Amino acid sequence: MLHIYCPYCEEYREEEEFRPKGEAHIARPAEPEATSDEAWGDYLFFRKNPRGLHHEQWYHAAGCRKFFNATRDTVSYQILETYKAGQQPTVTAAARAAQAAGKGVAK
Amino acid sequence: MQHYSGFGLVKHGLSHHENWQRMWRNPVPKSQYDVIVVGGGGHGLATAYYLAKVHGITNVAVVEKGWLGGGNTARNTTIVRSNYLWDEAAWLYEHAMKLWEGLSQDLNYNVMFSQRGVMNLGHTLQDMRDIHRRVNANRLNGIDGEVLDVKQVQEIVPIMDCSPNTRYPVLGASWQPRAGVARHDAVAWGYARGADALGVDLLQQTEVTGFRISGGKVLGVETNRGYIGGKTIGVVTAGNSGVLAKMAGFRLPLESHPLQALVSEPMKPILDTVVMSNHVHGYVSQSDKGDLVIGAGIDGYNGYGQRGSYSTIEHTLQAIVELFPMFSRVRMNRQWGGIVDTCPDACPIISATPVGGLFFNCGWGTGGFKATPGSGHVFAATLAEGKAHPLAAPFSIDRFISGKLIDEHGAAGVAH
């Protein structure tokens, strides 16, 4: 059972109150008329589906009923952060790599 | 290959069963193969078997990172049926069903295929309309199917609560008598033994870490046991297909989710068919050992952890207890999860890829076990010919660009 911090309610709640809603930060094509079939297919169906850090949307269905984002490890299932819709994640693969590299230099 | 028979069993009994031949070799990888199959589950092993048997291509390796049949082949709920709505899917699954019907004889290995029938319950008027439509579509495609009313359902499964007093009363069901269950591990082992006997190298504990690609064509695979060359490579890695596609430099329209199942303590025979319900969302059968085999839907989040959330199995058991109140006192024995690669239209991908010589067979989602023989058969043809088998052609990855989806989501009793 996941224990999820809702950034709007500012409380930890049980997983059953929430619904996962898939990959976050997917932008709808800005000019639908000018978008190719490949780009539409990519927008509709092709997901990153990473083994590792995943930025994803959650819906607080039995709570505030707002959408927010989470960064979660898809192997350990650990939730590393949650943040409001429209915000950007702070825990990213790039940030982790930079941090690991930084530590390597310090040692 | 040592032929299995009743006489052989008696003969080996005289020597205390100490002289049985090993079912397959444990070979050292060669440097070059005609075909490499990545993934040693049921589908991968079936592919290798049919490559050797049907197409005469025996210089084949199956590369498996763990042990044979240790992934979803070992984790599914063993249900076999072919009552899919759309023509393309129905033909593919019915192709598999016909192979199931002769599989034990073909492999000389008892896969314990038991055609005990599968029942898909309807609990609402819309369920019943969908059931009528699907059964009619099945019959037009030559697939057996019947619509049962609640009285007929009760006759087949007397222990189910078919009274009108439940929260979601049973109104009827679709019934496929030729459907049933098979022994999942035996399917992998039977195909492995058959493939090995025809000369296929089964390379266990060999993990693919990358593809060697030159000029848009695949040359071979990098593994933890060194480089292995292959003219044609078929990837059949279920939940990890996306990870392998990323190694080859492209994306697939797949998302990996945990799917859980559980079994009860063994009991005396109580349920002689398979009952599935999409509406209350659970399915149950009883294994030959006597345990109830129970499954339901995926966990909604992406996951590679081969485990899911407790709330998901709790909902499943609520549905089972609603249908079978007498099971409320049964103790559950084991629970586990596998990683399924779900496709947006709940149909598989059997396809060429942007890399020449590299083919993928994936996206079977929650229902791949039933298709094992058919999947291997058409994928072997695809690898041998270098172009899609007619039954596999509609399942090309191009459908996610053209929009020609085969939308089985919810249409065919797909548990989702």
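The values are calculated or read from the model by the stated rules, or taken from the named source; none is laboratory data. As the structure is a prediction and not an experimental result, all values here were calculated from the model. For neighbour counting, all protein chains shown are included, and Cβ atoms are generated from backbone atoms with ideal geometry for every residue, glycine included. Surface accessibility is based on the protein's heavy atoms, side chains included, excluding ligands, DNA and RNA. Shrake-Rupley method; radii C 1.70, N 1.55, O 1.52, S 1.80 Å.
Remark: segment A:3-103 carries 58 Å² of accessible area per residue (probe radius 1.4 Å; ligands, DNA and RNA excluded). What percentage of the solvent-accessible surface of the protein assembly as shown, computed with a 1.4 Å probe over protein heavy atoms, is contributed by carbon and sulfur atoms? Looking at the protein assembly as shown in its full context, I get 52 percent from C and S.
Using a 10 Å cut-off around each Cβ of peptide B:341-349, what is the average number of partner chain Cβ atoms that fall inside?
That works out to 1 on average.
Assuming a ≥ b ≥ c are the square roots of the Cα gyration tensor eigenvalues, decide whether segment A:3-103 counts as rounded (a/c under 1.5), prolate (otherwise, with a/b larger than b/c) or oblate. It is oblate, given that a/c is not under 1.5 and a/b is not larger than b/c. Packing order of peptides B:79-89, B:55-65, B:306-316, highest average first: B:79-89, B:55-65, B:306-316 (average count of other Cβ atoms within 10 Å over each peptide's residues). Restricting attention to chain B, lysine pairs at least eight places apart or on different chains and with alpha-carbon atoms under 18 angstrom apart total 10. Using the Karplus relation 6.51 cos²θ - 1.76 cosθ + 1.60 with θ = phi - 60°, the per-residue 3J(HN,Hα) values for segment A:78-92 come to 5, 8, 8, 6, 10, 8, 5, 4, x, 8, 9, x, 9, 8, 10 Hz, with x marking Gly and Pro. Extension gain, B:Gln152 to B:Lys387, is 80.0 nm, computed as 0.36 nm per intervening residue step minus the present C-alpha separation.
Evaluate peptide B:298-308: per residue, the Cβ atoms of other protein chains within 10 Å of its Cβ; return the mean as an integer.
Partner-chain Cβ atoms within 10 Å, mean over residues of B:298-308: 6.
One Cα centroid belongs to segment B:87-108, the other to segment B:304-324; the line between them spans 30 Å. Counting lysine pairs in segment A:3-103 that sit 8 or more residues apart in sequence, or on different chains, and whose Cα atoms lie under 16 Å apart gives 4.
If R0 is 25 Å, the Cβ-Cβ spacing of B:Lys246 and A:Glu31 corresponds to a FRET efficiency of close to 0.30. Relative protection proxy for B:288-297, B:372-381, from highest mean packing down: B:372-381, B:288-297 (other beta-carbon atoms within 10 angstrom). If R0 equals 51 Å, the separation of the Cβ atoms of A:Glu17 and B:Asn110 corresponds to a calculated FRET efficiency of about 0.60. Sorted on the mean count of surrounding Cβ atoms within 10 Å across their residues, most packed first, peptides A:12-21, B:360-369 read B:360-369, A:12-21. Helical content alone sets the calculated 222 nm signal of chain B at -8500 deg cm²/dmol, taking -39,500 (n - 2.57) per DSSP H segment of four or more residues and averaging over every residue.
Candidates B:Trp86, B:Trp20, B:Gly69 compared by Cα position along the dipole of segment B:8-138: farthest toward the positive end lies B:Trp20, with charges placed on Cβ.
Applying 1/(1 + (r/R0)^6) with R0 = 60 Å to the Cβ-Cβ distance of A:Lys66 and B:Asp34 gives a FRET efficiency near 0.60. Residues whose amide H comes within less than 5 Å of that of B:Gly210, counting only those at least five positions distant or on another chain, are B:Glu222 (H built at 1.01 Å from N in the peptide plane).
Averaged over its residues, how many other protein chain Cβ atoms are within 10 Å of peptide A:48-59's Cβ atoms?
The per-residue average across the peptide is 4.
Over chain B, Cα pairs under 8 Å with separation of 6+ residues give a relative contact order of 23 percent.
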